[in-house]
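Working notes, structure below.
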Amino acid sequence: MSILPQKNELGFYEIRLESIGGLGANLAGKMLAEAGVLGLGLNGSNFSSYGSEKKGSPVKSFIRYCDPEVEIRDHSPIEEPHVIGVFHEALYKMVNVVSGMRPDGIILVNSTRDFDDIKRDLKIEYGTVAIVDALTIAVEEKTKVNTAMLGALFRICDFLEPDVMRNVIKKTFEKKYPHLVEPNIRTFNRGYNEVKFKKYEAPEDAVGKRFERPAPQLGYLTQDIGGVLTTQANSILKDLSGSRQGFLPQFEQEKCINCAACDTVCPDFCFVWEEGEDKKGRKQMFLKGIDYQYCKGCLKCVEACPTDALQDLREMIGYAEANRVKQNFPYVLGGIS
C-alpha cells in the first residue's frame, strides 16, 4: 500500500519551492528529497532552477516522490504541484507563485500575516493556506529560513518521518559545522510545531490555477537586428526589493548629521539628497530619505551610521512603499522634473 497521500497521472507526488537566492531553497529541496528516498525507501528526484545564480534572483526547487516500483523518467519542471512552498513574500511582485496550483493544493508561506490577506494577495479561491513565521524562528535561533520551512513542510507532508530529517540535518552539518547541528534541529522542530493551517473548501467542479510559463520580452522574432540594447539605464529601472531577506534600514531624520557615511558604503541608489543651507547660510547637501526600490537589505548603512539615525527594522508589508522617498533621474524620465 502506498504511503503517498496523492498522486498525479504519472504516479508522482510533487512539491515546488519558490524562493529567492540566498534563502537556501536549493539545499532544502535536496534535503527533502533525501529524507524521502533514503529514509522511507521512496523513489524521488530533486533539481533546481536558479537562472543567473545571483543572490536575490528568483529560485525554484522541484521535488518528486513516487512508490519504489515506479521509475522516474520525467525530469521536467513541476507544473501542477500538490504542495507549494513560498520562502519570501516579495516573490508575489516578480513570480506567479500559484501557477498550476491544484484546487485541493496546499501553499505554505513564510509570513506573519493572516490567512485571508494571503489568500487575497495570491488570488486563490480554494485549497489550504499554511503559514509559518520562518524568519522570526531563524533570527531567534541564529539559523536560516530554509530549516524552519523544512519543519513546516514535514508537517504538511505527514507521510514523511521528522526523525529522518533530523538525522539528515545532523549528517549535513556535523562534519564542517558541528556547532550548527542543535540550532538547526531546534529551528526544524519549531517550524514543525508552529505552522498553522486554514482550508478553503473547493466545490466539486473547481479547477486549479492554469500553469503559465512566462515568455521573454525579446526572442528570435522580436529582438532588434544587431543586438541593440533596448533597456538603457536598466539599473535605474530595476526593483531590488525582492532581494531583501526580511530586514531593511529605518531612517530617523532628527538624528541625522548628513555625514554621508551611509551613502559611501551603499552599493546602490538608496539615499536621496537635496541641496539646502545650514544654520550659517552655507550650502550643504541634506539627506531626505531612502528610496527602498533600490534597497536589497544589506544593512551596511546601519553599521556605518555614527548617530543611530539608521537602524535595522523587521520589514512589514507596506512599510517600504509608505516611507519611500523617490530618486529623481530626469534624463531617464525624458526631461527635467
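The values are calculated or read from the model by the stated rules, or taken from the named source; none is laboratory data. Quick caveat: nothing in here was measured; it's all calculated off a predicted structure. Positions of Cβ are generated from backbone atoms using ideal geometry, with glycine treated the same way; all protein chains shown enter the neighbour counts. In case anyone asks, the SASA skips ligands and DNA or RNA and just uses the protein heavy atoms, side chains included. Shrake-Rupley method; radii C 1.70, N 1.55, O 1.52, S 1.80 Å.
Could you order peptides 97-104, 272-279 by the average number of other Cβ atoms within 10 Å of their residues, highest first? Please report the intermediate quantities before stating the final value.
Numbers: 97-104: 20.2, 272-279: 11.2.
Order by mean packing, descending: 97-104, 272-279.
With protein chains left intact and a 1.4 Å probe, residues in the chain average 55 Å² of accessible area per residue. Within the accessible area of the chain, the carbon and sulfur atoms contribute 51%, probe 1.4 Å, all protein chains present. Binning the alpha carbon pair distances of the stretch 115-164 at 5 angstrom intervals from zero yields the distribution 5, 18, 20, 18, 22, 12, 5, 0, expressed in whole percent. Computed on the Cα atoms alone, the convex hull of the stretch 143-247 gives a volume of 252 cubic angstrom per residue.
Converting phi to 3J(HN,Hα) with the Karplus coefficients 6.51, -1.76 and 1.60 and the offset θ = phi - 60°, the stretch 98-107 yields 9, 4, x, 5, 6, x, 9, x, 10, 10 Hz in sequence order, with x at every glycine or proline. The accessible area of Glu194, taken with all protein chains in place and a 1.4 Å probe, comes to roughly 80 Å². Axis of helix 162-173 versus longest Cα principal axis of the chain: the two differ by about 50°, to the nearest ten degrees. Here the chain carries DSSP beta bridges of which approximately 70% are antiparallel, counting only pairs with both residues inside.
Computing log10 I(q)/I(0) by the Debye sum over Cα atoms at q = 0.07, 0.10, 0.13, 0.15 Å⁻¹ directly from the structure and comparing it against (i) -0.33, -0.60, -0.96, -1.27; (ii) -0.36, -0.70, -1.06, -1.27; (iii) -0.56, -0.82, -1.02, -1.18 singles out (ii).
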